[in-house]
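The values are calculated or read from the model by the stated rules, or taken from the named source; none is laboratory data. Please read all numbers here as calculations on a predicted model, not as lab measurements. Neighbour counts are summed over all protein chains in view; Cβ atoms, including those assigned to glycine, are modelled from backbone coordinates with ideal geometry. Remember, those area values only see protein heavy atoms, side chains included, never the ligands or the DNA or RNA. Shrake-Rupley method; radii C 1.70, N 1.55, O 1.52, S 1.80 Å.
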Amino acid sequence: MTRINRLTLQAFKSFADKVTIPFPTGFTVICGPNGSGKSNICDAIMFALGISSARVIRAEKLSDLIFHGSKKRSPAKSCVVSIYIDNKDKKVPIEEDEIKITRKVNEKGLSIIRVNGKVVTRSKMLDLLANFSISPYGHNIIMQGDINKIIEMSPKERREIIDQISGIAEFDEKKSKSEAELEKVEKHIREMSIILSEKEKLLEKLKFEKEAAEKSIFLNREITKIRYSLALQSINKLTSELEKIEEKINSLSKEFEGNENELRERENEFKKYEHAAKEISDLIIQKARNIELIKKIDEINTEIIRRRDRIELNERILSRGESETILEKLPKIEGIIGTVSQLMKIPSQYSVAIKAALGMHMNDIVVANEDVAIKCIKFLKENKIGVARFLPLDKIRVKDHNEKIEGEIIGKAIELIEFDSKYKNIFDYLLGDTVIIENIEKKVRGGRAVTLDGDIIESYGPMIGGYNKRVEFELRLKKENEKMMKEIENLEKELEILRERQKEEEESIKKMDKERSEIHSKIDRMKKEILNLQEKKNSIIHKINKLNVEKAKKEAELENYKKEIENYASDSFYDYTQEKLREMLSNYLRELSQLGAINMKAAEEFEILSVEYNELKNRLNKLIEERDAIIRAIQEIESKKYEKFMETLNAISENFSVIYRDLMNGEGKLRLEEEGNIYSGLIIEASTESKKILNIDAMSGGEKTLTALAFLFAIQQYHASPFYILDEIDAALDKLNTKKVVEFLKKYSEKTQFIVITHNDLTIQAADHVFGVSMEDGVSKIFSIKMPAQ
C-alpha cells in the first residue's frame, strides 16, 4: 500500500535541527501546545510535495520558510525537507522500493528538487506523484480553516468543487470552441443574407435602368450641342471684356508711376527734416544734461540744509532745561498743565539770563488747582519717585511790585518772554521783580537784576555770579549758529549765481525746443502728405490688383470655355439667344435628372448579377447545413458534460452517504438546488436518527463541522489518496463529536494512512502512534510518546 514512510526536516521554519519523523502504519497523531510548531510539519509535507505558493503554507515567500534564528541560535542559510514514499507495489516502475523526494530552498528563494538524489523539474516530480494519486493541492490535505471554507461557501461555490473534480472543464472548452465556430458561421449567414437581399434589389433596379438608357442618350446629345453653342458665344464676349480691362490697367500703371516719383521726393525731404530734428534734440539733451552745474547746485543745497539742521538742533538744545523733571513719571491726572519751561518762549539773546533768573523754578509743575497738586504729591510719595514743586493756578498770588527800579536796564524779565495770558500770575510770581541788565558793572537799585551772561544781583544785597559752564556752552552754540547763518548767506548767493546760469541754459533750450517744434510741425505735415500719397499708391495698387484678379478670372473662364468647345465638340450649333439656349438646357437637364443614374450596361450587368446571385444562394444553404451540424455537436457536448457531472455528483453523493452514516450514524445526501440544472448550487443535507433532514447552513456548529468533514472525505474517496493529513480538524468539536471523528478515523485507518495534527486529548488517546512537539528557546523539538494501554 502506498504511504508516507517518514519525513526529515532541517532548518524548516521552527525546526532548526535535523529531525526525522517516522509514520508507522495506522493512525498517527502529532500533538503539542499552540505555537510549538506542530502545524509546520503539515507545511513541510506540502512543501516537499511541490506546493508553489508560499502563502498556502503560511509564508510571504519561499525564503521565509528558512529558520530565522532565536536568542541562542543563528539564522540558517537554507532549509531542506525530504519525504519518503513507499513504492513496494511498484506504482512507479523503478527498482527502488522507496522514493525519496527532497526539496531545498536558499536565502534567495531558489528551490531545488531531487528524486532519489537526482535533480528534477517540479513538473516532472508532480508527474511522478500522479502515479500515486498524490497532489500538493489534493483534498486529502485538510488545513486549518478548510472545513470553515466549506461551511461558509455558497451553494454555487460548493457546486464548482464538483465541476473541478469531474473535469468538465474540457467539455466547457470544447463547447466554447464550438460556440465560437457557430458565431462565425451565423455571422457569415447574416452577412450573406444581407448580400443576397441587396442583389435581389439590384436585379429589379437593372430593368428600369435599361429603359432609361435610350432616353438619356438623346438628351445627352442635345445637351452637348446646347453647351457647345453657349461656350462659343461666351468666348466672343470674354475676349471683348479682356481688351477693356487691359486698357484700364495700362492707364492706372502710368498714374502709379507719377505718384511713386512724388512719394519718393516727399520721403527724401522728410528724412532731411527728421535728421535736423534729431540734431537739435541731441543738443537739447546735451544742455539739459549739464551734470557739473546740476551737481554743484545739489551740493550747495545739501550744505545749506545741513547747516540749517545744525542751527535747529542747537536751538533745541538752548531751549531745553538743564535737568529732567519727573513730570513724565506722573500718571495722566486731569489738571496737570506742564512745567514752567514748557509754558513760555524765550528769545535766544535772553535765554541765559531768563534761565538764571528762574533757576530750579524752570522745572516747577503748573497745575490747575490745589487738589491736583495734592494728588501728584501723594502719588510721588506712595511710589517713592521723588520730590517736585507744584504751582496751583488757584493758589499762586501775585506780589506787589510797586517799588521803582532805577539803573541801566534792558527790560523787565516778564516783558521779554512770551506766554499765554492765563499763566500771567505764575510768571509774575516768578519774574515780576526781575530786570535784565547787560553786565554786572551796570548799577541797579530797587529790584532784582540778572545779566545777559547769567550773573544775579538780589534786591536785598547778595550777588551770585562767576564762571558758568552752561552759559559758556550756550554762548558757543550761539556763535556757531551765527557763523553758520553767515555761511548759509554766502552759499545762497553762490546758489543764485548758479541758478542764473541754469536759467540761461534753460532759455537756450527753450529756443532750440521751439525750433524743433517748428521742424516737427513740418514733419507732421509731410507725414500727412506722404500718408496721402501712400494711400493713393495703395488705392492704385488695389485697383490694378482687382483688375488683374478680374482679368485672371475672365482668362480662366475663357480657358474653360475653350475646353468646353473641345469637350462638347459638335457638327452644328444653335444660333439662338443665350436666354433661349439656357432655357432649353435647363429643361433637358431636368428631364435627365428625373431619369436618375443611368447604367448603359444594364443588360450585361443583369446577366452577370444573376450568376453571382445563384452562387451565393448555394453557399448560404451550405452554411445553414454547417450551422445545424455545430448546434447538434454543442447539444451532444452539453449532454456528455451533464452525464459526466451527474456521474461524479452521484458517486460523491454515494460516498457522502456512506461516510456520514459511519461518522454520524445518520443519513446524508447531496443534491442540486434545481433538479437537472448542473449550473445551480449544490445543497448538502443530512440527518441523524433523531433529527429531520437539514441543510448544512441550518445545522449547529458541531454538526456543520462533521458534515463538511464528511463532504471532504467523500470528495477524497472519489479520487482516492494513499494518505490523509488533517490539521486540527477537531479544534472546535465537543467531546461527543470528537469521539465520532476518532471512531471514524480508527475504522478507515485500516486501509488508509492518517496523519492528524491536534491537541485534543480524545484524539491523542485514540491514536496508534503519538509524536509530541515542544518549543525550546525558539526551536521546535519532536519526541515519541508511548500512550498507556486502554
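Shape class of the stretch 640-746 from the alpha-carbon gyration tensor: oblate, with a/c at 1.5 or above and b/c at least as large as a/b. Heavy-atom accessible area, probed at 1.4 angstrom with all protein chains present, ranks M664, M584 as M584, M664, highest first.
Other residues with beta-carbon under 12 Å from the beta-carbon of I141 carry, at +1 per Lys or Arg and -1 per Asp or Glu, a net charge of -3. Here the stretch 352-394 and the stretch 717-757 have alpha carbon centers that stand 115 Å from each other. Neighbours of L595 by Cβ distance under 11 Å: Lys/Arg scored +1, Asp/Glu scored -1, total -2. The length gained by stretching the chain between N250 and K187 to full extension, at 0.36 nm per residue less their Cα-Cα distance, is 15.3 nm.
Dipole of the chain computed with +1 at Lys/Arg Cβ and -1 at Asp/Glu Cβ about the Cα centre; of M344, G702, N587, farthest Cα towards the positive end is G702. The residue list P155, G109, L736 was ranked by how far each Cα lies along the charge dipole of the chain toward its positive end, using unit charges on Cβ atoms, and L736 comes out on top.
Among the chymotrypsin sites (Phe, Trp or Tyr not before Pro) in the stretch 639-717, those located in a DSSP loop and surrounded by at most 15 other Cβ atoms within 10 Å of their own Cβ are Y679. Net charge in the neighbourhood of N532 (other residues with Cβ under 12 Å of its Cβ; Lys, Arg +1, Asp, Glu -1) is +3. Checking the a/c ratio against 1.5 first, then a/b against b/c, what shape does the Cα gyration tensor give for the stretch 358-489? Note, shape of the stretch 358-489 comes out oblate.
Using a simple spin-label model with pseudo-atoms 7 Å out from Cα toward Cβ, V549 and E107 lie 8.6 nm apart.
Computed from the C-beta positions of E260 and M512, the FRET efficiency with R₀ = 35 Å rounds to 0.45. With all protein chains kept in place, the per residue accessible area of the chain amounts to 59 square angstrom at a probe of 1.4 angstrom.
Rounded to the nearest 20, the Cβ-based charge dipole of the chain about its Cα centre (Lys and Arg +1, Asp and Glu -1) stands at 2400 debye. Taking amide H as placed 1.01 Å from N in the peptide plane, the amide H of V435 sits under 5 Å from that of A413, R448, A449, V450, each at least 5 places away or on another chain. Over all alpha-carbon pairs in the chain, figure out the percentage whose distance exceeds 54 Å. More than 54 Å apart: 67 percent of the Cα pairs in the chain. Sorting D172, D727 by accessible area puts them as D172, D727; the probe is 1.4 Å, largest comes first, and only protein heavy atoms count.
Taking a ≥ b ≥ c as the square roots of the eigenvalues of the Cα gyration tensor, the stretch 50-181 is classed as oblate, since a/c reaches at least 1.5 and a/b does not exceed b/c.
In terms of the mean number of neighbouring beta-carbon atoms within 10 Å, the peptides 299-305, 382-388, 739-745 order highest first as 739-745, 299-305, 382-388.
Label zone of R122 (point 7 Å out along Cα→Cβ, amide N under 12 Å): in the stretch 27-66 this covers 47-56, 62-63.
Please report, as a whole percent, how much of the solvent-accessible surface of the chain comes from carbon and sulfur atoms (probe radius 1.4 Å). Carbon and sulfur atoms account for 49 percent of the accessible area of the chain.
Computed from backbone phi, the HN-Hα couplings of the stretch 631-640 come to 4, 5, 5, 5, 4, 5, 4, 4, 5, 5 Hz, rounded to whole numbers (Karplus: 6.51 cos²θ - 1.76 cosθ + 1.60, θ = phi - 60°; Gly and Pro given as x).
With Cα atoms defining each centre, the stretch 406-462 and the stretch 474-492 are spaced 29 Å apart in the structure.
Of the GluC sites (Glu not before Pro) in the stretch 665-721, the ones in a loop by DSSP (not H, G, I, E or B) with at most 13 other beta carbons within 10 Å are E673, E674, E675, E689. Would you compute, from DSSP H runs of 4+ residues alone, the mean residue ellipticity of the chain at 222 nm, taking -39500 (n - 2.57) per run and dividing by the full residue count, rounded to the nearest 500? The per-residue figure over the chain is -20000 deg cm²/dmol.
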